[in-house]
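Quick one: structure below, then a few questions.
The values are calculated or read from the model by the stated rules, or taken from the named source; none is laboratory data. Bear in mind that the values here come from a model prediction, so they are computed numbers and not experimental data. Neighbour counts are summed over all protein chains in view; Cβ atoms, including those assigned to glycine, are modelled from backbone coordinates with ideal geometry. The protein model used for the area step is the full one, side chains on, heavy atoms only, and it has no ligands, DNA or RNA in it. Shrake-Rupley method; radii C 1.70, N 1.55, O 1.52, S 1.80 Å.
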Amino acid sequence: MSFTAEWLALREPVDHRSRNKRVADAVRAYFSGRSELAVVDLGAGTGSNLRATAPLLPPAQHWTVIDHDAALLEEIEPTTSAIEIDREQIDLAADLAQAFCLSAPCALVTASALFDLVSAPWVEQFVGFVASRRLPLYVSLIYTGVERWLPLHGLDPDVLAAFLRDQRRDKGFGPALGPDAWNWLVTLLEARGYQIVMGPSDWQLTTADGQLIRALAHSIADAVAREGSLPTRDVEDWRQARETAQACAIGHKDIFAIPDRPQRVRPHAPAKSFGARP
């Protein structure tokens, strides 16, 4: 599944202001006292996650940014002179193991707005790779399936139900977990002995975010039309009403997973050593 640079740019300011401060503070505290850090960022897009996360980390940073879209990766630039970037074009749906066979060391794995797109087997494989190396994991903005629009509209419940069904379709990784992703990820990480710091990172949109509200209304309506359970006229009525919504809240969660406790299950066999806990 691919996203345009325009969509990523539109959502970036809201993504950044929505991040959970308690989770971000836990990331900052965990790596405090270090002078440098190597990070692997999955589904990096144009680098929004790097720009949001870099201020939490030690000044000298080496980022390996991974995405299947080379054009998006080329837009990523360091935010300071102390940050180095390696760009890796990898199809994470087809070959997740390749992301864990990089020559550079790694002390943190990150991703943003990714896990609700992937399948349960993919998450299981991912957690196996991360846990076998006892790597910390910082993931942000996992969609939870909670949406609240104002003013209320009679079709809101039906549209949301249809949208959530569409969220679970195959987006290239197998049937997507959608709003179940955050819980499945936490369950697997806790079984591997990880301590979890978690909190809400909901989008809180107002009329000042009108352009994003309009884009979101169109995106949701297109997905519901594709899902096909609602009459076309109803979907269009909802779309038109929501283009000028006064407010909208979209549920997300941020998670920082710390490998502090012994594992209770046997880890997946690593493809190649690529990192260790700092």
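Go through Thr206, Gln195, Pro175 and say which Cα lies farthest out towards the positive end of the charge dipole of segment 163-216; charges sit on Cβ, +1 for Lys and Arg, -1 for Asp and Glu.
Pro175
If you don't mind, another one. Name the residue from Ala99, Ile66, Pro136 whose Cα lies farthest towards the positive end of the charge dipole of segment 12-142, charges +1 on Cβ of Lys and Arg and -1 on Cβ of Asp and Glu.
Pro136
Of the accessible area of the chain, with the probe set at 1.4 angstrom, what percent is carbon plus sulfur?
Values: 6330 of 12100 Å².
C and S fraction of accessible area: 52 percent.
For every helix of n ≥ 4 consecutive DSSP H residues, a contribution of -39,500 (n - 2.57) applies; sum these over the chain, divide by its total residues, and give [θ] at 222 nm rounded to the nearest 500 deg cm²/dmol. Walk me through the numbers on the way to the answer.
Working: 10 runs with 103 residues, N = 278.
Taken over the chain, the calculation gives -11000 deg cm²/dmol.
Of Arg28, Arg133, which has the most accessible area and how do the rest follow, probe 1.4 Å?
On the way: Arg28 110, Arg133 20 Å².
Highest to lowest solvent-accessible surface, that is Arg28, Arg133.
What are the principal axis extents of the Cα atoms in the chain, in Å, biggest first?
Largest first, the chain extends 55, 40, 33 Å along its Cα principal axes.
Also, I was wondering about something else. Work out the length of the dipole vector of the chain about its Cα centre, built from +1 on the beta-carbon of each Lys and Arg and -1 on the beta-carbon of each Asp and Glu, and round it to the nearest 20 debye. Could you put the intermediate results ahead of the total?
Details: 28 positive and 35 negative charges, 232 e Å.
The dipole of the chain has a size of about 1120 debye.
For Trp184, Trp122, give the ranking by accessible area with the largest first, probe 1.4 Å. Numbers along the way, then the final one.
Details: Trp184 75, Trp122 10 Å².
My answer, sorted largest first, is Trp184, Trp122.
Sort Glu88, Glu147 by accessible area with a 1.4 Å probe, largest first.
Values: Glu88 60, Glu147 35 Å².
Output order, biggest surface exposure first: Glu88, Glu147.
Next question. Find how many whole Å separate the alpha carbon centroid of segment 30-83 from the alpha carbon centroid of segment 234-252.
So the two Cα centres are separated by 34 Å.
So what's the projected area for segment 156-210, the Cα convex hull averaged over all directions, in nm²? Can you show the working numbers first?
Details: hull surface 23.8 nm².
With the hull built on Cα positions only, its mean projection is 6.0 nm².
Under a 1.4 Å probe, what is the accessible area of segment 64-150 per residue, stated in Å²?
Numbers: 3070 Å² over 87 residues.
That works out to 35 Å² per residue.
Further question: Pick from Gly154, Gly178, Gly145: which residue has the top mean-square fluctuation in a GNM of the chain where Cα pairs under 10 Å get a spring?
Gly154
Provide, in order from the shortest bin, the percent of all Cα-Cα pairs of segment 109-201 in each 10 Å bin, continuing until the bin that contains the maximum pair distance.
15, 45, 28, 10, 2
Using a 1.4 angstrom probe and counting only protein chains, how large is the accessible area of Arg165 in Å², to 10?
Arg165 exposes around 120 Å² with every protein chain in place.
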